[in-house]
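Undergrad: Sharing a structure, written as structure tokens. Questions coming.
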Amino acid sequence: MTAMLELPPFVFFLVGAGLVAATRGPLRALILLAIPIVSAISLFGLPDGSHFNVGLFDYELQLLRVDKLSLLFGYLFHLAALIAIIYSLHLRDTVQHVSGLLYAGGALAAVFAGDLITLFLAWEVLAVSSVFLILARRTPRAQAAAMRYLAIQVISGLILLAGVLVRLNELGTTEFTFIGLDSPGGLLIFGAFGIKCAFPLLHNWLTDAYPEATPTGAVFLSAFTTKVAVYALARGYPGTEVLVYIGAAMTLFPIFYAVIENDLRRVLAYSMINQLGFMVCGVGLGTALAINGAVSHAFNDVIFKSLLFMSMGAVLRQTGRINGSELGGLYKTMPFTTGLCIVGALSISAFPLFSGFVSKSMVMVAALEEGHPVVWLALLFASAGVFHHAGIKIPFFAFFAHDSGIRARDPSFNMLLAMGIAALICIFNGVWPWLLYSLLPFPVAYEPYTATHVLAQSQLLLFSALAFAWLKLSGLYPPELKGVNIDADWIYRKPLNWLAATTMAAASRWHGATIDAGRQQLNWLGRLIFRHSGPQGVLARTLETGGAALWVAILLAASLLLYYL
Amino acid sequence: MSENTPDRAPEAPTDQSPERLRFFDRPGNVKRFLGALYAICALALGFEFFIERHVSHPWEELFGFHALYGFVVCVTLVLTAKELRKIVMRSEDYYDGDGDA
């Protein structure tokens, strides 16, 4: 039985996607739910090591490399897929169901890839399948965002491929182990990972596209792409010092944008970069404590970020709105969504007894231990900041603030159930972190619930809340305003776009002129051919057999003559 | 599960019938909520007298370091972001009609 089930997880999702496309109604729901469960069972108890090595040309692909790091992400992605699937059960949209499954399968293929070629293939599956979760919104805005998203994901894939080939040339191996920055191939691969991980200035595909996805699509998207990148960095670049500073920058700059952003799912997208910053920083520090912190925070982040995206998806679905300036007072008629959103908000803010508390602090302690007090202060700033924009702003402007007059009800049962499961995991990991700790790559000596830590974190968060209250009461807090905030994507959406449009216009003018000139030449050629081969043309005359024989004889004579010459 | 509402509900349903006052509709409750926040903040600060702290950095030895840092940092964050708005904010249709893809 188990032998039969021992397949790489992505196979279940791939086959499942086919079955889902062919079925409808309750049967489809059953298959959807069965896929992550069956796949997780088959994963359970797989021995460490490399399974399913297949040859491709001269290379060996390792489809299923099992160790503690890949296994943790494997379990996490199954859990995230299950939650997102439950959240999507009410939909009658084959596009979203199938692309969601393929996307989750691609993420699983990536984290279990033992070599870089398999990783590249999974990378492409991630890009192509996920774009449909944005397209499925079926609005012109979403379509434009989806195309920008796809272009950047494909570029990331190409850079990865280039890096892999350069590395293959240098070292003669495609094995996916520690890579490091000391070679051109390593630098290219780092760049590819950096795009997917939303490094500063490479981050805009995330804040541009995720908020344009469907309510369900954003839940899927928030779980996989960036966490695959974190996994890949943890595998290939642990202890790379530049990541410490990149990570610190990632925790800081998005919180300013998040404070002034009106679209609440875009606020979540910015806060996602902020959370990724903690993980990237942990990978850069590279100690056992820091890597454990990065990986466990990735686990917790997937769950609480899913929960927050689900709650905002519920608001969008039930009200048709997502801008903070148009929402408010929903706690009156959406009490369950409100409560579940607050659990997610407390978790991302790392309140004691909620999941963020037990993982984020590991990275911060590691930053101090490794002699980075300034980075530590930055992370502390970011911790207060995330509470401010994700912990308070999201629930406050959606569910409280002023009464918008909207009386939308809580969403369907399956959506509430999915949020409930995510909320339970957030609380469970916060209260009983030792199960999560036992799955981490290194043995855990860290104790989250010391009086000092609880008190320090409580003070930080409570006085952040106090600051919010004071700013709000004194009228200093900036109101939610309609508008877009330009970010690094401005470069390719305005000047580069203008450049492209101008170049295209010039090219099309030149093209037009060339076409005209060409047409004149063609006309001349046409007339020439007509003159010779047309009805009266010399080449179109029919000759008698004797005449033809004469011509053949002349040709033969000519060739003979040439031969003798 | 058999919901037919589309992903984007066209109009948010508004109920015109008189409804009961909810928790935060009563100004007294907002005051009480804020009062509770102030009390908990004071409590969190006061605990420093009773708990023997094992800090990992000298700055943390300062009394109420985390409380002060949290407050100052959040005010800085919001006021800076407010200024940032003057630089980066554009009208909602700023990117529309560029044919950007």
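The values are calculated or read from the model by the stated rules, or taken from the named source; none is laboratory data. Everything numeric here is computed off the predicted structure, so don't read it as measured data. Cβ sites come from the backbone with ideal geometry, for glycine too, and all protein chains shown count toward neighbours.
Undergrad: What number of residues in region A:448-487 are under 30 Å from residue A:75 (Cα atoms) and within 11 Å of chain B (Cβ to nearest Cβ)? If you could, list the steps in order and put the result at the bottom.
TA: Initially, region A:448-487 is screened for residues under 30 Å from residue A:75 (Cα atoms), giving A:448-450, A:453-454, A:457.
Retained after the next criterion (residues that are within 11 Å of chain B (Cβ to nearest Cβ)): A:450, A:453-454, A:457.
Count: 4.
Undergrad: Is it the case that region A:234-256 has a residue that's surrounded by 24 or more Cβ atoms within 10 Å (Cβ to Cβ), in contact (Cβ under 8 Å) with a residue 40 or more places away in the chain and touching a Lys or Arg at 6+ places or on another chain (Cβ under 9 Å)?
TA: Looking for residues that are surrounded by 24 or more Cβ atoms within 10 Å (Cβ to Cβ), in contact (Cβ under 8 Å) with a residue 40 or more places away in the chain and touching a Lys or Arg at 6+ places or on another chain (Cβ under 9 Å), one finds none in region A:234-256, hence no.
Undergrad: Any chance region A:521-537 includes a residue that's part of a helix (DSSP H, G or I), at pLDDT 85 or above and in contact with a helix residue (DSSP H, G or I) (Cβ under 7 Å, 6 or more places away or on another chain)?
TA: no
Undergrad: Looking only at region A:190-204, how many residues end up being in contact (Cβ under 8 Å) with a residue 60 or more places away in the chain, under 11 Å from the mean Cα position of the chain (by Cα) and part of a helix (DSSP H, G or I)?
TA: Selection size over region A:190-204: 1.
Undergrad: Test of understanding: among A:355, A:361, which residue is crowded, with 23+ Cβ neighbours inside 10 Å and more than 9 Å from chain B (Cβ to nearest Cβ)? If you could, list the steps in order and put the result at the bottom.
TA: Numbers: A:361 fails: crowded, with 23+ Cβ neighbours inside 10 Å.
Step by step, each of A:355, A:361 is checked, and only A:355 is crowded, with 23+ Cβ neighbours inside 10 Å and more than 9 Å from chain B (Cβ to nearest Cβ).
Undergrad: Quick test for you: out of A:333, A:337, pick the one residue that is among the polar types (S, T, N, Q), closer than 24 Å to residue A:85 by Cα and either within 14 Å of another protein chain (Cβ to nearest Cβ) or over 22 Å from the mean Cα position of the chain (by Cα) (or both).
TA: Within the list A:333, A:337, the selection yields A:337.
Undergrad: Whether any residue in region A:158-173 is polar (S, T, N, Q), surrounded by 16 or more Cβ atoms within 10 Å (Cβ to Cβ) and over 14 Å from the mean Cα position of the chain (by Cα) is what I want to check. Explain how you work it out, then say what you get.
TA: First pass over region A:158-173, keeping only residues polar (S, T, N, Q): A:169, A:173.
In the following step, the residues that additionally are surrounded by 16 or more Cβ atoms within 10 Å (Cβ to Cβ) were identified as none.
The answer is no; no qualifying residue exists.
Undergrad: Take the conditions in contact (Cβ under 8 Å) with a residue 12 or more places away in the chain, more than 11 Å from chain B (Cβ to nearest Cβ) and surrounded by fewer than 24 Cβ atoms within 10 Å (Cβ to Cβ) and apply them to residue A:273. Does it pass?
TA: no
Undergrad: Kindly indicate whether any position in region A:61-76 is without any contact (Cβ under 8 Å) to a residue 12 or more places away in the chain and over 21 Å from the mean Cα position of the chain (by Cα). Let's see the steps before the verdict.
TA: Initial filter on region A:61-76 (without any contact (Cβ under 8 Å) to a residue 12 or more places away in the chain): none.
Checked region A:61-76: no residue is without any contact (Cβ under 8 Å) to a residue 12 or more places away in the chain and over 21 Å from the mean Cα position of the chain (by Cα).
Undergrad: Something else now. List the residue pairs whose Cβ atoms are under 7 Å apart, where the first residue sits in region A:158-172 and is within 14 Å of residue A:123 (Cβ to Cβ) and hydroxyl-bearing (Ser, Thr, Tyr), the second is at pLDDT 95 or above and assigned to a helix (DSSP H, G or I), and the two are 6 or more positions apart or on different chains.
TA: none
Undergrad: Within region A:1-65, which helices (runs of 4 or more DSSP H) (wholly inside it) include 2 or more residues that are at pLDDT below 85 and over 21 Å from residue A:84 (Cβ atoms)?
TA: So the answer is A:2-5.
Undergrad: Which residues, taken from region A:82-102, are in a helix (DSSP H, G or I) and either more than 16 Å from the chain's Cα centre (by Cα) or free of Cβ contacts under 8 Å to residues at least 24 places away in the same chain (or both)?
TA: Of everything in region A:82-102, those that are in a helix (DSSP H, G or I) and either more than 16 Å from the chain's Cα centre (by Cα) or free of Cβ contacts under 8 Å to residues at least 24 places away in the same chain (or both) turn out to be A:82, A:83, A:85, A:86, A:87, A:94, A:95, A:97, A:98.
Undergrad: Next question. Hey, among the residues in region A:100-118 that are surrounded by 24 or more Cβ atoms within 10 Å (Cβ to Cβ) and not aliphatic (A, V, I, L, M), which one's farthest from residue A:135 (Cα to Cα)?
TA: Per the criteria, the residue is A:114.
Undergrad: On the given criteria, is residue A:413 at the interface with chain B (Cβ under 10 Å from one of its Cβ atoms), aromatic (Phe, Trp, Tyr) and farther than 20 Å from residue A:471 by Cα?
TA: It is true that residue A:413 is at the interface with chain B (Cβ under 10 Å from one of its Cβ atoms), aromatic (Phe, Trp, Tyr) and farther than 20 Å from residue A:471 by Cα.
Undergrad: Then there is this: Pick from B:55, B:88, B:73: which is at the interface with chain A (Cβ under 7 Å from one of its Cβ atoms), surrounded by fewer than 16 Cβ atoms within 10 Å (Cβ to Cβ) and among the aliphatic types (A, V, I, L, M)?
TA: From the options B:55, B:88, B:73, the qualifying one is B:55.
Undergrad: Let me ask something additional. Taking region A:431-482, which residues are among the β-branched types (Val, Ile, Thr) and out of contact with any helix residue (DSSP H, G or I) (no Cβ under 6 Å at 6 or more places or on another chain)? Don't jump to the end; show me each part of the working.
TA: Filtering region A:431-482 for residues among the β-branched types (Val, Ile, Thr) gives A:431, A:444, A:450, A:452, A:454.
Of everything in region A:431-482, those that are among the β-branched types (Val, Ile, Thr) and out of contact with any helix residue (DSSP H, G or I) (no Cβ under 6 Å at 6 or more places or on another chain) turn out to be A:431, A:450, A:452, A:454.
Undergrad: With a cut-off of at least 1 residues that are touching an Asp or Glu at 6+ places or on another chain (Cβ under 7 Å), over 23 Å from residue B:44 (Cα atoms) and in contact (Cβ under 8 Å) with a residue 60 or more places away in the chain, name the helices (runs of 4 or more DSSP H) lying wholly within region A:298-388.
TA: A:335-348
Undergrad: For region A:502-513, does any single residue satisfy the condition of being within 8 Å of chain B (Cβ to nearest Cβ), at pLDDT 85 or above and in a helix (DSSP H, G or I)?
TA: Let us first name the residues in region A:502-513 that are within 8 Å of chain B (Cβ to nearest Cβ), namely none.
Within region A:502-513 (the criterion being within 8 Å of chain B (Cβ to nearest Cβ), at pLDDT 85 or above and in a helix (DSSP H, G or I)), the answer is no, since none of the residues qualifies.
Undergrad: Can you tell me which of A:517, A:540 is more than 14 Å from chain B (Cβ to nearest Cβ), modelled with pLDDT under 80 and more than 30 Å from residue B:92 (Cα to Cα)?
TA: Working: A:517 fails: modelled with pLDDT under 80.
None of the others qualify; the one that does is A:540.
Undergrad: Give A:422, A:398 a once-over and let me know the one that is more than 10 Å from chain B (Cβ to nearest Cβ), modelled with pLDDT under 95 and surrounded by 24 or more Cβ atoms within 10 Å (Cβ to Cβ).
TA: A:398
Undergrad: Give the number of residues within region A:174-185 that are touching a residue at least 24 places away in the same chain (Cβ under 8 Å) and either under 12 Å from residue A:116 (Cα atoms) or surrounded by 17 or more Cβ atoms within 10 Å (Cβ to Cβ) (or both).
TA: The qualifying residues number 6.
Undergrad: Look at residue A:221 and say whether it is of a type outside the set (S, T, N, Q), more than 14 Å from chain B (Cβ to nearest Cβ), assigned to a helix (DSSP H, G or I) and out of contact with any strand residue (DSSP E or B) (no Cβ under 7 Å at 6 or more places or on another chain).
TA: Criteria met by residue A:221.
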